[in-house]
Amino acid sequence: MSKGTLFDKVWDLHTVGTLPSGLTQLFIGLHLIHEVTSPQAFAMLRERGLKVLFPERTVATVDHIVPTENQARPFVDSLAEEMIQALENNCQENNITFYNIGSGSQGIVHVIAPELGLTQPGMTIACGDSHTSSHGAFGAIAFGIGTSQVRDVLASQTLALSKLKVRKIEVNGNLNPGVYAKDVILHIIRTLGVKGGVGYGYEFAGTTFEQMNMEERMTVCNMAIEGGARCGYVNPDRVTYDYLKGRDFAPKGADWDKAVAWWDSIKSDVDAQYDDVVVFDAAEISPTVTWGITPGQGIGVNQSVPQPEELLEEDRFIAEEAYRYMDLYPGQPIKGTKIDVCFIGSCTNGRISDLREAAKIAKGRHVAEGIKAFVVPGSERVKQEAETEGLDKIFQEAGFEWREPGCSMCLAMNPDKLQGRQISASSSNRNFKGRQGSSSGRTLLMSPAMVATAAIKGEVSDVRELL
Amino acid sequence: MVSEVKTVSGRGIPLVGNDIDTDRIIPARYLKAVTFDGLGEGAFIDDRTALKGEHPFDQPQYQGANILIVNRNFGCGSSREHAPQAIAKWGIQALIGESFAEIFFGNCVAMGIPCLTADAATVKQLQKLVAANPQASVTVNLETLQVQIDNYTAPVAIGEGTRSTFISGTWDACGQLVANASQVRKTSAKLPYIGWGNIAAS
């Protein structure tokens, strides 16, 4: 049993009580909602005659269904229009703050909450989206939940949960040039497996994470869920506080000093006990690419698609399925795989630092012939910042399309979709079958800089050759 | 709301494969709706189309089956409740598998659908028995924690707290959570950040 970790401290502070089922009733400090998983929850609330208990602790935005080209209302897609209207109405009726398109602060829910300073250390956060684990980068305990649980949070500001075990994942040392936070988390998932984290929260610790900026930490925590962990977090430190200071909802004046003192107090103790500890060496991590249909099926860019006999027996069945679906064969080098589409964006890698790294690769070069390459900022603020820095020009001159903010082709609930068997290099988080909008479309996950490299070369390539 | 789930009886449907994710259970294009109605027809639709009638959900012998037998890490991926909703709307009332992704498990529980686990060999045997005799009667008993297929009986598992919510009919936590509103306010009042961060005052 873990003891003295940030997870334990935050859990205890937010425990309302124990339910008859033995589950803990846990207070949720920040509830984020969007258009896909909330309308049914509001409907359930109405059916039961319940009100939103803490409307002031819920914040809404629209992201999944938002078109990234023409955002004029009503949307061309009437179903998307119906969803945004439902959210607009539900927020208005329930007095919930809503960052709508054009507000200046709309964007992917996991991008805007940190940039607004809503996400803070020591909070419990819930959202009807599995990548809520992103907010753990701040030392918050953040859970992705389903729609019935969205209803529960709206009605009671609490969830019924059983406590997780805590695994400390320590990565130490400097990352080599061309190796990014995305490579770190893909490496961890590849090693521990996509179900390795079931039953756990992941504490990311060690000098590698300490050296990362907040956006890099968000990338890592974002994909904790892809490793099966319910949440992931990094203990708050000076980097966290420097990022938060001055943001819209960050504590101000005397509250700031009180906040920092409290945040320091909820860090994992030096002698904290963990249920499990795993240690990695940063120097061993190389630019990583997925070749299969789960985020755990990744390899170094200079490695080859594994032979079945190199895999654990339990992983062979899905590997066979992946070879067939991806049209890749065991032993095939991943480098040189021809690409059709290159997508930079998503809640994993649609932040300003991601765009900066990709722009460094794109600058003065050009997208290979026949490649569709596009960049989707994670939020209106990211877009604004990128344009101020001239990144949009760099991308456009290199032949990338520059789009409006949204979830875009990560899950393709909007017009951005793969067509037929197209294969994409994507900075998103899931390479599941059919994920990017075509039931036979294929996804290779990699860092934004690696996606930019693939766009320029027209095939999977090693970013280090363009640094 | 009291709705006890002590046993689920009917027929089984085997779905072989590890790490079957929520995008496969219900592709994202089916999420474009403000209700869960009509999700049943989208269950596994891309896999079913690719398999041209050979997917268990399309095979005639499994029509009407209500107990889904899966393998490892079923339901990984998105938090979309649309996935268990699609399965439920198809007619599935209980799942048995080696393991389930946690959000998927939580969503199922919140909907009153028990997900029970068994070891790999047992799951394989259950899938084999159902494939050999799709008409066999299957019973999942949450009180005895056993699954029975004709004369074959095997142990199944589920967390004790979750099991008790099914047996007592209290799996729908909403009522209990709402009932504790005053305690919720007391807990929130002790959290320092409640005082310094007023979201509504934007």
**Fill in**
Two pseudo-spin positions, 7 Å from Cα along C-beta at A:N176 and at B:A121, lie apart in nanometres by 4.4 nm
**Message:** Once each part is reduced to its C-alpha centroid, what is the distance from segment B:1-78 to segment A:93-132 in angstrom?
**Reply:** 31 Å
**Asked** Over what distance in Å are the Cα centres of segment A:63-82 and segment A:1-33 separated?
**Response** 37 Å
**Request:** Subtract the Cα-Cα distance of A:K3 and A:Q307 from 0.36 nm times their separation in residues, and report this length gain in nm to one decimal.
**Result:** 105.3 nm
**Request:** Provide a whole-number value for the mean count of partner chain Cβ atoms within 10 Å of the Cβ atoms in peptide A:192-199.
**Result:** 4
**Message:** From the C-alpha coordinates alone, can you work out the Kirkwood hydrodynamic radius of segment A:352-398, in Å?
**Reply:** 10.9 Å
**Message:** With the crude spin-label approximation of a point 7 Å out along Cα→Cβ, what separation in nm comes out for A:R238 versus A:R421?
**Reply:** 5.5 nm
**Asked** When chain B is treated as a GNM, springs tying every alpha-carbon pair under 10 Å, which of B:G42, B:G106, B:G64 comes out with the largest mean-square fluctuation?
**Response** B:G64
**Request:** Restricting things to alpha carbons, tell me how big segment A:145-186 is in terms of Rg and Dmax, in Å.
**Result:** 18.1, 48
**Asked** Just from its helices, what would the mean residue ellipticity at 222 nm be for the protein assembly as shown, if runs of 4 or more DSSP H residues each count -39500 (n - 2.57) and the sum is divided by every residue, rounded to the nearest 500 deg cm²/dmol?
**Response** -9500 deg cm²/dmol
**Prompt:** Averaged across the residues of B:31-44, what count of C-beta atoms belonging to other chains lies within 10 Å of each residue's C-beta?
**Reply:** 4
**Prompt:** Quick one: net charge of A:I125's neighbours, Cβ under 14 Å, K/R +1, D/E -1?
**Reply:** +1
**Message:** Taking a virtual spin label 7 Å from the Cα of B:E143 along the C-beta vector, which residues in segment B:1-35 bring their backbone nitrogen under 16 Å of it?
**Reply:** B:3-9
**Fill in**
Fewest to most Cβ atoms within 10 Å: A:F395, B:F104 sort as A:F395, B:F104
**the protein assembly as shown: radius of gyration and largest Cα-Cα distance (Dmax), Å** = 23.5, 72
**Fill in**
The alpha-carbon center of segment A:287-324 and that of segment A:419-450 are separated, in whole Å, by 15 Å
**Prompt:** Based on the Cβ-Cβ distance of A:K363 and B:E54, what FRET efficiency does E = 1/(1 + (r/R0)^6) give at R0 = 41 Å, to the nearest 0.05?
**Reply:** 0.25
**Asked** Once you average over the residues of A:49-55, how many Cβ atoms of partner chains fall within 10 Å of each Cβ?
**Response** 3
**Prompt:** Taking N as the number of residues in chain B, what value does Rg over Cα atoms divided by 2.2 N^0.38 Å take?
**Reply:** 1.16
**Item:** Spherically averaged projected area in nm², based on the convex hull that wraps the Cα atoms of segment A:6-161
**Value:** 9.3 nm²
**Request:** Rounded to the nearest 0.05, what FRET efficiency do A:E284 and B:V16 give with R0 = 45 Å and r taken as the Cβ-Cβ distance? Could you check?
**Result:** 0.80
**Request:** Compute the signed sum of charges (Lys and Arg +1, Asp and Glu -1) over the other residues within less than 13 Å, Cβ to Cβ, of B:E4.
**Result:** 0
**Request:** Provide the convex hull volume over Cα atoms per residue for segment A:379-436, in Å³.
**Result:** 96 Å³
**Asked** Looking at segment B:98-202, which GluC sites (Glu not before Pro) are DSSP coil and have at most 16 other C-beta atoms within 10 Å of their C-beta?
**Response** B:E143
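Readers should treat all values here as calculations from the given coordinates under stated rules, not as data from a laboratory. This one's a predicted model, so the numbers in the text were calculated from it and none came from an experiment. Heads up, the Cβs are rebuilt from the backbone with ideal geometry, glycines too, and the neighbour counts pull from every protein chain shown.
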